[in-house]
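Below is one structure, written out as structure tokens; the observations come after it.
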Amino acid sequence: MSSAPIARPTTVAASRQWGARLRRILVRVFIYCGLIAAAAVSLFPLYWLFVTAVTPASATLKLPPQLIPTNPTLDNITNLIQISGIGKLSIAGLQAIQMPRLLLWFVNTLLIGLISTGIHVLFDTMAGYAFAKRKFPGSNLFFWMILAALMIPGQVTLVPLYLMITKFKLVNTFAGVLLPGLADVIGIFLLKQYIQTMPGELEEAARIDGASEWQTFARIIVPLAAPGMAVTAIFAFQRYWNAFLWPLVVLQNPDLFTVQVGLSYLYNSEFGTNYGLMMSGAALASIPMIIFFFAFQRYFMQGLRVGAIKG
């Protein structure tokens, strides 16, 4: 007398495990495909910017557009350099250096960006440390007053700032561009939140060892606040590198223009419809910011957690 075979429990369990593993793989593949699609959509404008920059001027408006240029060229960049002309870099105490004005605009923007970012980070860190660790009469009131400044549009303060700069005779100078923005509300807020998460025992130990207030700040707070300072530096450098309205108002000499003001000067004169020229200028202007971001991206990812943990 024969009987029907009985399925082994181990075989059923194995099939269930294989099915669960297959579902996890399919879900993971679906997520990765969605992320790749989102990244492609986000990066396509940047890709199209560089493609148009190396596309001949006669093919920039071609329909259908060429996603991959058949005859890439650097004529747009060379034409942009020629159109910008020759300028002089004048630094106090040094002889003026002649160079293509396009390169001069990059040098001007880099100098303004680096100097302003360094001062910006220093003042924001000092203010953040004061509000986070040093309790003084009215500290909370002052902090909320600083945050309230976020509600004031920059265009509202444009005319008063220009009148002040004119009174101090700083029009058409780099100092006129730098002075109004040596500290920023966002930077103070980020660093205050970051420094607030640091344990107070470190400062107490430093003071017991005889460290002064400045030594405690320089040797304890600054090294530990490096991720938050790097994030502030990224935001500040990006802000000054892309600044347009205030440098446009203050600067009048083409040799003092920043790259954004200089490129707009070229576009608005007689070459505004040359899209290859415009894209080549925008591509060149974006390269330093991309390099700066990737150089500090490790600190940037750490700084995204600013204020996430209460100290």
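Every number in this text was worked out from the coordinates using simple rules, so none of it is lab data. Please read all numbers here as calculations on a predicted model, not as lab measurements. Note that each Cβ is placed from the backbone with ideal geometry, even for glycine, and that neighbours are counted across all protein chains shown.
Would you work out which of 249, 82, 189 lies farthest towards the positive end of the dipole of the chain? Charges go on Cβ: Lys and Arg +1, Asp and Glu -1.
So the residue furthest toward the plus end is 189.
For a quick protection proxy, order the peptides 74-86, 251-263 by their average other-Cβ count within 10 Å, most packed first.
Numbers: 74-86: 15.9, 251-263: 20.5.
Highest-to-lowest ranking by the protection proxy: 251-263, 74-86.
For the stretch 229-251 and the stretch 170-202, write down the distance between their C-alpha centroids in whole Å.
About 13 Å separates the Cα centre of the stretch 229-251 from the one of the stretch 170-202.
So which residue, out of 198, 278, 229, gets the largest mean-square fluctuation from a GNM of the chain using Cα contacts under 10 Å as springs?
Among 198, 278, 229, the largest GNM mean-square fluctuation belongs to 198.
Just check the stretch 66-140 against the gyration tensor rule for me: Cα atoms, a ≥ b ≥ c as the square roots of the eigenvalues, rounded for a/c under 1.5, and otherwise prolate or oblate depending on whether a/b exceeds b/c. Present the calculation step by step, with values, prior to reporting the outcome.
Details: a/c = 6.22, a/b = 1.95, b/c = 3.19.
Because a/c hits 1.5 or more and a/b fails to exceed b/c, the stretch 66-140 counts as oblate.
Taking the alpha carbon gyration tensor of the stretch 104-252, what are the square roots of 5 times its eigenvalues, largest first, to the nearest whole Å? Could you put the intermediate results ahead of the total?
Values: eigenvalues 206, 62, 34 Å².
Equivalent ellipsoid of the stretch 104-252: 32, 18, 13 Å, largest first.
Taking the Cα centre as origin and putting +1 on Lys and Arg beta-carbons and -1 on Asp and Glu beta-carbons, what dipole magnitude results for the chain, to the nearest 20 debye?
My answer is approximately 1160 debye.
Please list, in order, the residues from the stretch 278-295 whose amide nitrogen is less than 17 Å from a point placed 7 Å along the Cα→Cβ vector of residue 186.
Only 289-290, 292-294 fall inside the zone, counting backbone N under 17 Å.
Would you please classify the overall shape of the stretch 9-53 from the alpha carbon gyration tensor, given that a ≥ b ≥ c denote the square roots of the eigenvalues, rounded means a/c under 1.5, and beyond that prolate means a/b larger than b/c while oblate covers the rest? Mind dumping the intermediate values first?
Working: a/c = 11.61, a/b = 7.08, b/c = 1.64.
Here the stretch 9-53 falls in the prolate category.
Along its three principal axes, how long is the stretch 129-189 when you only count alpha carbons? Whole Å, largest extent first please.
Answer, in whole Å and largest first: 40, 21, 19 Å.
Go ahead and collect, in residue order, the members of the stretch 140-165 whose backbone nitrogen is under 14 Å from a label point 7 Å along the Cα-Cβ direction of residue 175.
Only 165 fall inside the zone, counting backbone N under 14 Å.
When 201, 213 are ordered from fewest to most other Cβ atoms inside 10 Å of their Cβ, what list results? Mind showing how you got there, number by number?
Values: 201 8, 213 12.
The fewest-first ordering by Cβ neighbours comes to 201, 213.
Toward the positive end of the charge dipole of the chain, about the Cα centre and with charges on Cβ (Lys, Arg +1; Asp, Glu -1), which of 260, 240, 216 goes farthest?
216
Please give me, ordered by residue number, the trypsin sites (Lys or Arg not before Pro) of the stretch 107-196 that lie in loop per DSSP and have at most 11 other Cβ atoms within 10 Å. Each step should come with its number before you reach the end.
Details: sites: 133, 134, 135, 167, 169, 192; in loops: 134, 135, 169.
Sparse-neighbourhood loop trypsin sites (Lys or Arg not before Pro): 134, 135, 169.
So what's the projected area for the chain, the Cα convex hull averaged over all directions, in nm²? Please list the in-between numbers first.
Details: hull surface 124.0 nm².
If I average the Cα hull's projected area over directions, I get 31.0 nm².
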